[in-house]
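First up is the structure itself, then whatever we jot down about it.
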Amino acid sequence: MIEDLLRALRKPIAERRWGMVIDTKKCIGCSSCVIACKAENVTPIGVTYMVVFDEEIGEFPNITRRFLARPCMHCEHPSCVSVCPVKATYRRPDNIVVIDYEKCIGCRYCINACPYGARYFDFGEYYTDSTPLLMEYEKREFYEYGGTDIGKTWKRLKNRSPFKKSPIGNARKCTFCIHRINKGLLPACVVTCLGRSLHFGDLRDVDSLVHELIANSSVMRLKEELGNEPNVYYIS
């Protein structure tokens, strides 16, 4: 996948179509992807970019479990983009749907519009708010839309001003780890997946692993009937 990623980065951005293929048969429900994502993006209470759902199938005594990982779908026709009144959320040429924290007014229209529940609101809470000392790891700066996209890292500041922008009071979501992709690295969830169920790459690259999996496997997409055209596929 690293080779596929580096090959895609050599192409113009408009010729890439980043996507993810998740093999539900390999997911063991360990939630290592969830933890890796929270650590990478320093997400607070109530903000979880990657979620793993635990589903019980069958009737007793013939019961089994299935796990379903759900990042942002990064849709071809994202509902969240069309409802944003200030165009703070938009779809990049490489198909990643992003949020401009400096434009977002926190109206939460996009959160209501997302049919996958993949958007969250940053209320400014910390996990260690109720303890004597706010832990330093919760105050760390993080990249998300940093690097070549906006040219800065972010810090969650409770007292915002026009000169000190912060994700607090904004909508937040999975970014496919843009800051890692730009450096030739795979998203944090993918590299930490113990079951190797997460696959990432350029869906337009016919030689990539993700393209091969979609072409040769029985795949599905969540809520396809809505017409959002998600770029996350599931091998079921």
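What distance in nm lies between label points placed 7 Å from Cα along the C-beta direction at ASN112 and GLU15?
According to this spin-label approximation, the distance is 4.3 nm.
Among LEU133, VAL51, PRO115, which residue has its Cα furthest toward the positive end of the charge dipole of the chain, with +1 on Lys/Arg Cβ and -1 on Asp/Glu Cβ?
Checked the options; the winner is LEU133.
Order of 56-64, 127-135, 42-50, 76-84 by packing, highest average Cβ count within 10 Å first?
Taking the mean over residues of other Cβ atoms within 10 Å, the ranking is 42-50, 76-84, 127-135, 56-64.
Among the Cys residues of the chain, which have no other cysteine Cβ under 4.7 angstrom away?
Those would be CYS27, CYS30, CYS37, CYS75, CYS84, CYS104, CYS107, CYS114, CYS177, CYS193, since no other cysteine Cβ in the chain comes under 4.7 Å of theirs.
Given Cα pairs under 8 Å that are at least 6 residues apart, what percent is the relative contact order of the chain?
It rounds to 32 percent for the chain.
Just how large is the dipole of the chain about the Cα centre, in debye to the nearest 20, putting +1 at every Lys and Arg Cβ and -1 at every Asp and Glu Cβ?
760 debye
How long is the gain from ARG66 to LYS223 if the chain were fully straight, where each residue apart is worth 0.36 nm and the alpha carbon distance is subtracted?
Stretched fully, the ARG66-LYS223 segment lengthens by 54.7 nm.
Per the Cauchy relation, a quarter of the hull surface: what is the mean projected area of the convex hull of the alpha carbons in the chain, in nm²?
Here the figure is 14.7 nm², rounded to one decimal.
Among the aspartates and glutamates, which fall within straight-line cross-link reach of LYS11, defined as a Cα-Cα distance under 18 Å, with same-chain neighbours fewer than 8 residues apart omitted?
GLU3, ASP94, ASP149, ASP202, ASP205, ASP207
Find which of GLY195, ILE168, HIS211 sits farthest along the positive direction of the dipole of the stretch 2-235, computed with +1 on the beta-carbon of Lys and Arg, -1 on that of Asp and Glu, about the Cα centre.
Sorting the options by dipole projection puts first ILE168.
Could you list, in their original order, any pairs among LYS25/LYS139; LYS38/LYS103; LYS38/LYS165; LYS26/LYS183 whose Cα atoms are separated by more than 31 Å?
From the list (LYS25/LYS139; LYS38/LYS103; LYS38/LYS165; LYS26/LYS183), the Cα-Cα distance tops 31 Å for LYS25/LYS139.
Between the stretch 1-64 and the stretch 173-236, how many Å separate their Cα centres?
Result: 8 Å between the Cα centres.
A short reminder: the numbers here are calculations on the coordinates, not readings from a lab. Note that the structure is predicted; figures quoted are calculated from it, not measured. Please note: Cβ atoms are built from the backbone with ideal geometry, for glycine as well, and neighbour counts cover all protein chains shown.
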